[in-house]
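So the structure is just underneath, and the comments pick up after that.
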Amino acid sequence: MDNLNRELYKKMYLIRKAEEKIQEHYAEDEMKTPMHMSMGEEAIVAGVVQAAGKNSQVFGTYRSHALYLAKAMETDGFFAELYGKATGPAKGKGGSMHLANPAKGMLMTSAVVATTIPVAVGAALANAYQENGKLVVSFFGDGAINEGVFWESINFAALKKLPILFVCEDNNLAIHSKAQDRTSHKPIIEVAKQFTFVTAETESTDAEEIYNITKDTLAKMQETGMPGFLYTKYYRYLEHVGVNEDFEAGYREKAEAAEWFKKDPIDLQRKKLLEAGMQEQEIAKLEEDITKDIEESVKKAQQADFPKKEEVFGNVYA
């Protein structure tokens, strides 16, 4: 049995089940944070993070659950942060949109569109100066390309030949606005090709395929000394912010969703495990262990203490 496919499935199943647990408990109003759910994009973060390796440093967006879980592979701190408890990695002050775990290479996510992109470039510049061999991966949505700092950042990274991989996760939506309603330039991958980047693109929901594309991109980056730009597409299953579907809002159709659901990344990867010879009971045991860990993490978070009021002044530098 291919260990790669097993690891990819573990990451994606963890993400999906953790978010389903959020859906189960969110109406209780104990998680005092807005939720931007990751359902639909699991294959991208799983494939890229696995290919980038443990020594990589990642930066993401407010839609941060999938990236955090794929990189940190832990749920105790994750749920503690969502519940605003002192046992969270930000001691309950970060919530869903500011997840970080620097010890695991999960450096930063932010609630403000495109704001982690220049910080990721700064980290890559530091790594280049230190010659430490670390790779930075900057994840962002297609809405971020409408921000000026995106263009400044990719230009600087290309100019300085920094060790950074930009990953655009395009769901064709900036909240509810589709790309054709907010951009007049060519598709972003065509624009990226005008810079001195190694570029690649995929619309696959197959995590293994995304892993292989990422590995190939990283190898070419190493060979050429250029940064990379990976353009991916996915379908956001739920509303922009919240834990429910929103087809009644009128900006997308259920028929469109149905086509993407047919190639759901978790279902696809599970079938691949079976086809590769992994037994049903072995997969079920893997799923059971992950589900049990998630349930225990939620209980711990619910029972944990809130941070003391003095904590509001901790780790504040300005």
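Taking segment 245-277 as the search range and keeping residues that are surrounded by 15 or more Cβ atoms within 10 Å (Cβ to Cβ), in a loop (DSSP other than H, G, I, E, B) and out of contact with any strand residue (DSSP E or B) (no Cβ under 9 Å at 6 or more places or on another chain), which one is modelled with the lowest pLDDT? Steps first, answer last, please.
Initial filter on segment 245-277 (surrounded by 15 or more Cβ atoms within 10 Å (Cβ to Cβ)): 246, 252, 257, 260, 264-266, 268-270, 272-273.
Now narrow it down to the ones that are in a loop (DSSP other than H, G, I, E, B): 246, 252, 264.
Checking which are out of contact with any strand residue (DSSP E or B) (no Cβ under 9 Å at 6 or more places or on another chain) leaves us with 246, 264.
Values: Asp246: 93, Asp264: 98.
Result: Asp246.
Pick from Ile154, Ile117, Ile175, Ile164: which is surrounded by fewer than 22 Cβ atoms within 10 Å (Cβ to Cβ), in contact (Cβ under 8 Å) with a residue 40 or more places away in the chain and either closer than 28 Å to Thr75 by Cα or not small (Gly, Ala, Ser) (or both)?
Details: Ile154 fails: surrounded by fewer than 22 Cβ atoms within 10 Å (Cβ to Cβ); Ile117 fails: surrounded by fewer than 22 Cβ atoms within 10 Å (Cβ to Cβ); Ile164 fails: surrounded by fewer than 22 Cβ atoms within 10 Å (Cβ to Cβ).
Step by step, each of Ile154, Ile117, Ile175, Ile164 is checked, and only Ile175 is surrounded by fewer than 22 Cβ atoms within 10 Å (Cβ to Cβ), in contact (Cβ under 8 Å) with a residue 40 or more places away in the chain and either closer than 28 Å to Thr75 by Cα or not small (Gly, Ala, Ser) (or both).
Give just the number: which of (1) on the phi > 0 side of the Ramachandran plot; (2) surrounded by fewer than 10 Cβ atoms within 10 Å (Cβ to Cβ); (3) not charged (D, E, K, R) does Gly242 not satisfy?
Of the numbered conditions (1) on the phi > 0 side of the Ramachandran plot; (2) surrounded by fewer than 10 Cβ atoms within 10 Å (Cβ to Cβ); (3) not charged (D, E, K, R), the odd one out for Gly242 is (2).
Quick check on this structure: which one of Ala80, Ala52, Ala27 is under 15 Å from the mean Cα position of the chain (by Cα) and at pLDDT 95 or above?
From the options Ala80, Ala52, Ala27, the qualifying one is Ala52.
How many of the residues in segment 179-237 are touching a strand residue (DSSP E or B) at 6+ places or on another chain (Cβ under 8 Å), polar (S, T, N, Q), more than 21 Å from Gln269 (Cα to Cα) and outside any helix (DSSP H, G or I)?
1
Please state which one of Glu311, Glu248, Glu275 is touching a residue at least 24 places away in the same chain (Cβ under 8 Å) and of a type in the set (Asp, Glu). Break it down into steps so the answer makes sense when it comes.
Working: Glu248 fails: touching a residue at least 24 places away in the same chain (Cβ under 8 Å); Glu275 fails: touching a residue at least 24 places away in the same chain (Cβ under 8 Å).
Glu311 is the lone residue from the list that is touching a residue at least 24 places away in the same chain (Cβ under 8 Å) and of a type in the set (Asp, Glu).
Condition test on Glu7, is it within 28 Å of Glu256 (Cα to Cα) and not in a strand (DSSP E or B)?
It is false that Glu7 is within 28 Å of Glu256 (Cα to Cα) and not in a strand (DSSP E or B).
Among the residues of segment 16-31, is any among the basic types (Lys, Arg), farther than 21 Å from Lys292 by Cβ and either without any contact (Cβ under 8 Å) to a residue 24 or more places away in the chain or surrounded by fewer than 20 Cβ atoms within 10 Å (Cβ to Cβ) (or both)? Break it down into steps so the answer makes sense when it comes.
Going through segment 16-31, the residues among the basic types (Lys, Arg) turn out to be 16-17, 21.
Next, only the ones that are farther than 21 Å from Lys292 by Cβ stay: none.
Checking segment 16-31: not a single residue is among the basic types (Lys, Arg), farther than 21 Å from Lys292 by Cβ and either without any contact (Cβ under 8 Å) to a residue 24 or more places away in the chain or surrounded by fewer than 20 Cβ atoms within 10 Å (Cβ to Cβ) (or both).
Would you mind stating whether Ile290 is of a type in the set (Val, Ile, Thr), assigned to a helix (DSSP H, G or I) and in contact with a Gly (Cβ under 6 Å, 6 or more places away or on another chain)?
Values: of a type in the set (Val, Ile, Thr): yes; assigned to a helix (DSSP H, G or I): yes; in contact with a Gly (Cβ under 6 Å, 6 or more places away or on another chain): no.
Considered against the rule, which asks whether it is of a type in the set (Val, Ile, Thr), assigned to a helix (DSSP H, G or I) and in contact with a Gly (Cβ under 6 Å, 6 or more places away or on another chain), Ile290 comes out as no.
Is it true that Val49 is in contact with a strand residue (DSSP E or B) (Cβ under 9 Å, 6 or more places away or on another chain), part of a helix (DSSP H, G or I) and β-branched (Val, Ile, Thr)?
yes
Yes or no: Pro227 over 17 Å from Tyr13 (Cα atoms) and at pLDDT 95 or above?
Answer is yes for this residue.
Residue by residue, here is whether (1) over 21 Å from the mean Cα position of the chain (by Cα); (2) at pLDDT 95 or above holds:
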{"position": "Ser184", "(1), (2)": "yes, no"}
{"position": "Val191", "(1), (2)": "yes, no"}
{"position": "Lys233", "(1), (2)": "no, yes"}
{"position": "Leu286", "(1), (2)": "yes, yes"}
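The values are calculated or read from the model by the stated rules, or taken from the named source; none is laboratory data. The structure presented is a predicted model; accordingly, all values stated were derived computationally and were not measured. Here the Cβ is made from the backbone with ideal geometry for all residues, glycine too, and neighbour counts use every protein chain on show.
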